[in-house]
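Undergrad: I have a structure I would like to understand better, so I am pasting it below and will then ask my questions one at a time.
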Amino acid sequence: MTPHMKWAIAGIVLGLILFIVSPWLAIGVILVAIAAPTLAYLALDSSQRRRIRGIRRRQIGR
């Protein structure tokens, strides 16, 4: 199992636990989890984004 998959499973479990405790807190955690990588990607300049897209394409072509 990849490290990314472990983080995803942990996030799902945490989200379900928080949803039982407080639905608003669970929604907030989910929104932060989606927004953080998106904002990090948008903070890159165009050459860095191009390099990331190239790396992703090479991994898909395996």
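No lab work stands behind these numbers, since they all come straight from the coordinates. Fair warning: this is a prediction, and the values are worked out from it, not measured in the lab. So basically every Cβ, Gly included, is an ideal-geometry build from the backbone, and we count neighbours across all protein chains shown.
Undergrad: Would you confirm, using the coordinates I've provided, whether residue 49 is exposed (fewer than 10 other Cβ atoms within 10 Å of the Cβ) and of a type in the set (Lys, Arg)?
TA: On the way: exposed (fewer than 10 other Cβ atoms within 10 Å of the Cβ): no; of a type in the set (Lys, Arg): yes.
For residue 49, the condition - exposed (fewer than 10 other Cβ atoms within 10 Å of the Cβ) and of a type in the set (Lys, Arg) - is not met.
Undergrad: Related question: Of these, 14, 44, 25, which one is assigned to a loop (DSSP other than H, G, I, E, B) and surrounded by 11 or more Cβ atoms within 10 Å (Cβ to Cβ)?
TA: Details: 14 fails: assigned to a loop (DSSP other than H, G, I, E, B); 25 fails: assigned to a loop (DSSP other than H, G, I, E, B).
Sole residue among the options that is assigned to a loop (DSSP other than H, G, I, E, B) and surrounded by 11 or more Cβ atoms within 10 Å (Cβ to Cβ): 44.
Undergrad: Can I ask one more? Consider residue 1 against the criteria (1) part of a helix (DSSP H, G or I); (2) exposed (fewer than 10 other Cβ atoms within 10 Å of the Cβ): it satisfies all of them except one. Which criterion is unmet?
TA: (1)
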